[in-house]
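Let me begin by presenting the structure, written as structure tokens, before commenting on it.
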Amino acid sequence: MMVTNSGSAAGTLHASLLRGFAVLASGVLFGFGLALSTMIRPEVVLGFLQWRDFGLMLVMGGAVVVTAATYGIAPRLMRIPPLGDHFHRHVSLLNRQTLLGAAIFGVGWGLCGVCPGPAIAGLGTGNFDLLWALAGIALGALAQGSTARI
């Protein structure tokens, strides 16, 4: 269902609430899946990075398959998306910054065994030690953002 209302404040608020609910529901599904698959535990992630546990590959593979299918099929089946005015295409560039950022991210991930999404989901299970890693992630992003060229 497309939410439209000739630009009125009530229509805008309604569309915003629907989008917010869709994002919240997606986040709940994502967090539940991460917790159920034990990807919120740093030792599981480190096991994957040390080639001892390939569960993370199954989780990521499942996400890639669903995303690829949705992005490939949805625009063909629907004229417009349910909560937007048109389908967007994001073009990614493989450049020096992307490669350097990926390498730095990989080193940090390997050293602490914490990925941002699972760390946030892990807080929901009461693993508050993950706050240290999230603080480091936030500080690193802040440092990069303050030095980035706009």
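The values are calculated or read from the model by the stated rules, or taken from the named source; none is laboratory data. Nothing here was measured: the structure is a model prediction, and the numbers come from that model. All Cβ positions, even for glycine, are placed from backbone atoms using ideal geometry, and neighbour counts span all protein chains on display.
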Condition first: among the hydrophobic types (A, V, I, L, M, F, W, C) and buried (at least 16 other Cβ atoms within 10 Å of the Cβ). Now tell me which residues in the stretch 12-43 satisfy that. A15, L34, A35, M39, I40
Scan the stretch 109-137 for residues that are free of Cβ contacts under 8 Å to residues at least 40 places away in the same chain, of a type outside the set (A, V, I, L, M, F, W, C) and over 17 Å from L56 (Cα atoms) and report the count. 3
With the requirement that a residue be assigned to a helix (DSSP H, G or I), closer than 17 Å to W109 by Cβ and not hydrophobic (A, V, I, L, M, F, W, C), what does the stretch 120-150 give you? G122, G136, G140, Q144
Determine, yes or no, whether L134 is hydrophobic (A, V, I, L, M, F, W, C), surrounded by 13 or more Cβ atoms within 10 Å (Cβ to Cβ) and either more than 19 Å from the chain's Cα centre (by Cα) or at pLDDT 90 or above (or both). yes
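Quickly run through the stretch 98-119 and pick out the residues that are assigned to a helix (DSSP H, G or I), touching a helix residue (DSSP H, G or I) at 6+ places or on another chain (Cβ under 6 Å), of a type outside the set (A, V, I, L, M) and under 22 Å from R52 (Cβ atoms).
Matches in the stretch 98-119: G110, C112, P118.
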Across (1) more than 16 Å from the chain's Cα centre (by Cα); (2) within 24 Å of L29 (Cβ to Cβ); (3) at pLDDT below 90, G110 clears everything bar (2)
Which one is nearest to the chain's Cα centre (by Cα) among residues in the stretch 44-57 that are loosely packed, with under 11 Cβ neighbours inside 10 Å and either closer than 25 Å to L123 by Cβ or among the acidic types (D, E) (or both)? M57
Within the bounds of the stretch 69-80, is there any residue that is surrounded by 10 or more Cβ atoms within 10 Å (Cβ to Cβ), touching a Phe, Trp or Tyr at 6+ places or on another chain (Cβ under 7 Å), within 30 Å of F21 (Cα to Cα) and modelled with pLDDT under 90? yes
If you check A25 against the conditions, is it free of Cβ contacts under 8 Å to residues at least 24 places away in the same chain and closer than 28 Å to I120 by Cα? yes
